[in-house]
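The values are calculated or read from the model by the stated rules, or taken from the named source; none is laboratory data. Every value quoted in this text rests on a predicted model; they were computed, and no experiment measured them. Heads up, the Cβs are rebuilt from the backbone with ideal geometry, glycines too, and the neighbour counts pull from every protein chain shown. Just so you know, the surface numbers come from the protein's heavy atoms only, side chains and all, with ligands and any DNA or RNA stripped out. Shrake-Rupley method; radii C 1.70, N 1.55, O 1.52, S 1.80 Å.
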Amino acid sequence: MPRPRRRVVDAIRYITDNGAKWRALPADFGIPWRTVFGYFARWAKAGALKQILDQLRRRLRLRRRRCPWPARVIVDSQSVKGAETVSNATRGYDANKHINGRKRHLLIDQDGLLVDLLVTPADVQDRDAARILLTRLHAEYPEIVLVWADNGYAGEEFSTWAQDTLGITIKVVPRPKDAKGFVLLPKR
């Protein structure tokens, strides 16, 4: 008997929202965790999850009376401590933040909606990960020609590469010199 897809989607959302292990899926869903994981793996491999994300972002942008596709994006990263169970092969030490773990590199639109992401060991430099993200961005959204970034992406060589190779302008928005702690910056 086929499983109702809505329950499968709800189970995937539960795992994602709670950060639980697949094996910890509550029995209340009435679906074995292996079945739910199987759907998730097949949908991810087929690109269905990215299509869902893109459609949700388009709908939200249209609801806000914006163009359905982002015209410019923001790139940033965040270092996150790795649990003891995280393999040494997939973790690194971010000397700037003093964190041993992984780093999330994000591309978001000006409304804060996710466009793309990349997870690396924490010792990967922001500019190196941005090359991968911007190359993927250009392949999917060649109309995006402006990316706002922080000082971690500053550098003549990187901005020249982005402009010459992809036609993307990197606009660095620096923090005020006297700022302490979190400061909300325009365009970032």
* What order do Thr165, Thr16, Thr85 take when sorted by accessible area (1.4 Å probe), most exposed first? -> Thr85, Thr16, Thr165
* Structure fact -> Rounded to the nearest 10 degrees, the helix 48-63 long axis (Cα) sits at an angle to the longest Cα principal axis of the chain of 60 degrees
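By its C-alpha gyration tensor, with a ≥ b ≥ c as the square roots of the eigenvalues, how is segment 19-106 shaped: rounded for a/c under 1.5, else prolate for a/b larger than b/c, else oblate?
Oblate, since a/c reaches 1.5 and b/c is not below a/b.
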* Which value, in debye to the nearest 20, describes the size of the charge dipole of the chain about its Cα centre when Lys and Arg Cβ atoms bear +1, Asp and Glu Cβ atoms bear -1, and nothing else is charged? -> 980 debye
* Structure fact -> For Glu157, Glu140, the accessible-area ranking with a 1.4 Å probe, largest leading, is Glu157, Glu140
* Does anyone have the angle between helix 5-18 and the longest principal axis of the chain? Alpha-carbon axes, 0 to 90°, nearest 10? -> 50 degrees
* Alpha carbon centroid spacing (whole Å) that separates segment 74-97 from segment 127-156 -> 20 Å
* Taking the Cβ of Ala71 as the centre, find all other residues whose Cβ is under 12 Å away and add up their charges (Lys, Arg: +1; Asp, Glu: -1). => 0
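Can you give the helix-only mean residue ellipticity at 222 nm for the chain, where every DSSP H stretch with n ≥ 4 adds -39500 (n - 2.57) and the sum goes over all residues, rounded to the nearest 500 deg cm²/dmol? Provide the component values of the computation, followed by the final result.
Working: 5 runs with 65 residues, N = 188.
Mean residue ellipticity, 222 nm, calculated: -11000 deg cm²/dmol.
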* Structure fact -> Carbon and sulfur atoms account, in whole percent of the 1.4 Å probe accessible area of the chain, for 55 percent
* Accessible area per residue in Å² at 1.4 Å probe, computed on the chain -> 65 Å²
* To do: Quote the relative contact order of the chain in percent (integer), defining contacts as alpha-carbon pairs under 8 Å separated by 6+ residues.
  => 14 percent
* Asked: Roughly how tilted is helix 126-140, in degrees to the nearest 10 and between 0 and 90, from the longest Cα axis of the chain?
  -> 70 degrees
* Taking a ≥ b ≥ c as the square roots of the eigenvalues of the Cα gyration tensor of segment 80-188, is the shape rounded (a/c under 1.5), prolate (a/b larger than b/c) or oblate? -> oblate
* To do: State the label only: which of (1) -0.45, -0.83, -1.21; (2) -0.60, -0.87, -1.08; (3) -0.34, -0.86, -1.31 corresponds to log10 I(q)/I(0) by the Debye sum over Cα atoms at q = 0.08, 0.13, 0.18 Å⁻¹ computed from the shown model?
  => (3)
